[in-house]
Amino acid sequence: MSLLRLLVEHPSSSEDPLVHTLDRSLTKGEVLAAVETRAGDFSGLRGQLSPVVADGVEALIAMFACFRAGAVYVPINPRQPQAAVDDITRAMPEVASPPDAAFVLWTSGTTGRPKPVVHTHDGYIEIIDRVLEPLRAKPKDPARPPSPNLIPVSMALNAGIYNALFGLRAGARLVMMDGFDTAAFAMLVKRHQIRSTVLPPAAIAMLSDDASIESLAPLRYVRSITAPLSPFQTRRFTDRFGVTVLNGYGQAEVGEVIGWTADDARMHPGKLGAIGRPHPGVAIDIDDPDSDGVGELLVKPPSTAADLDPRRLTAGGFVRTGDLARIDGDGFVWLEGRLSDLINRGGHKVFPSEVEEVLVAVPGIREAAVVGAPDSRLGEVPVAFVVGETDSDLGEVCRQHLVAYKVPVRFEFLDRLPRSETGKVLRRELVAQP
């Protein structure tokens, strides 16, 4: 099944508004006509990788135009630095795509150069349906249409593409932003009566910091995406706006595999710091757990990206995620950080997220990242990089809340933390700093 059908078979009539932005709306008929026109640019490219530098509605139309022409969509964010664009174009000739390839995404590049991830039409529909299935099972009010899907992230990212296609598959209208702005976000939420949406951690922090935003009503739920959200930022956002923040978990190669349902959120409010429970059809396990049950998270979804590295598969068919986690007695998964980020200080494990949570709770500290620095005696020692201003003695604060071996040996103040396009901290750049 081609992903193009999600647009063509959307329940809206050709005269109904289907895609909204801050300053315009397009009917389904207008979107289809634009797709048909744009498809001419990809004629003769069936099965070939077709890079598109665009965002917002233009990217949405270009994506479906590629599907219409049978080309393989390769999104490129126009806001990316030229060096990143060059990396993608250089890597394209090496990308092998199957006959039913739909588009090529790129990993976040937190541990090296971004790698291509090829998704097929059928495989990506399964990725959408595994999350949509519990929602379809709930009774619906035929007089109440689905809440519009607000997409506040770039359409060059998996998060943008996924949420656009998810919304169309659910029969919802799309509300799109061309770059995130707090005032525009609040206005669109109110104008379109958005009840649930997604936000990356950086956007959540921006909204919490913006004193001019008085309300986000009728917003009830926000799913945090693209990068880990600290419990401190979660509490801050919820206390400010009365909106429940739900974490989720996925990777470009496997889609979203763990998340929250509204029922779980109501029944288990004390577990909202977890990333949720596995979606239908997804099996999970913990590899080599320690005495606290923490080990590498393994996932086994019904489908994965077409070019998943076979070295990541266990003998049982599970995918190694590279993330540390534990599973509690109710089946909720608690993320502890990246396996590669774990600091081994003379045999003692230091989880950076635990130290970072202490630091961002200090008034004046907006962000923190803790990395392991080489040490001739202990192997590694934790070093903290912080953004903000404070008169507090950060070492003393850490000693009050952490055991001694988890206290950073030094604190470096930065104007900002280096981040990938998806908002993840580029820890390798911090490690490289003298």
Where a residue in the range 138-157 is not assigned by TED's automatic domain parsing to the domain that holds Val104 and its partner, wherever it lies, is in a loop (DSSP other than H, G, I, E, B) and surrounded by 24 or more Cβ atoms within 10 Å (Cβ to Cβ), with Cβ under 7 Å and at least six apart: none
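Among the residues of the range 187-240 satisfying the criterion of being of a type in the set (Gly, Ala, Ser) and farther than 22 Å from Ile161 by Cα, which is surrounded by the most Cβ atoms within 10 Å (Cβ to Cβ)?
Ser230
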Unique match (being surrounded by fewer than 21 Cβ atoms within 10 Å (Cβ to Cβ), over 30 Å from Met155 (Cβ atoms) and not β-branched (Val, Ile, Thr)) among Glu380, Glu421, Glu429: Glu380
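Could you list, in sequence order, the residues of the range 419-434 that are part of a loop (DSSP other than H, G, I, E, B) and within 17 Å of the chain's Cα centre (by Cα)? Step through it out loud before you land on a result.
Taking the range 419-434 first, the residues part of a loop (DSSP other than H, G, I, E, B) are 420-424, 426, 432-434.
Selection gives Ser420, Glu421, Thr422, Gly423, Lys424, Leu426.
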Single unsatisfied condition, Leu414 versus (1) in contact with a Phe, Trp or Tyr (Cβ under 6 Å, 6 or more places away or on another chain); (2) more than 16 Å from Asn344 (Cα to Cα); (3) buried (at least 17 other Cβ atoms within 10 Å of the Cβ): (3)
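Could you name every one of the strands (runs of 3 or more DSSP E) located completely within the range 254-307 that has at least 1 residues being out of contact with any strand residue (DSSP E or B) (no Cβ under 7 Å at 6 or more places or on another chain)?
Details: elements: 255-259, 283-287, 295-300.
Because the criterion is at least 1 residues that are out of contact with any strand residue (DSSP E or B) (no Cβ under 7 Å at 6 or more places or on another chain), the strands (runs of 3 or more DSSP E) in the range 254-307 that meet it are 255-259.
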Residues located in the range 226-252, provided they are within 10 Å of the chain's Cα centre (by Cα) and small (Gly, Ala, Ser): Ala227, Gly248, Gly250, Ala252
Candidate set from the range 1-60 (those that are more than 29 Å from the chain's Cα centre (by Cα) and either among the acidic types (Asp, Glu) or not assigned by TED's automatic domain parsing to the domain that holds His119 (or both)); member that is surrounded by the most Cβ atoms within 10 Å (Cβ to Cβ): Glu30
Which numbered condition Gly281 fails, given (1) more than 20 Å from the chain's Cα centre (by Cα); (2) farther than 30 Å from Val72 by Cβ: (2)
Residue within the range 77-97 that is within 21 Å of the chain's Cα centre (by Cα) and farther than 27 Å from Glu429 by Cα present: no
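The values are calculated or read from the model by the stated rules, or taken from the named source; none is laboratory data. All figures in this text were calculated on a predicted structure; none of them were measured in a lab. Glycine also receives a Cβ, built like all others from the backbone with ideal geometry; neighbour counts cover every protein chain displayed.
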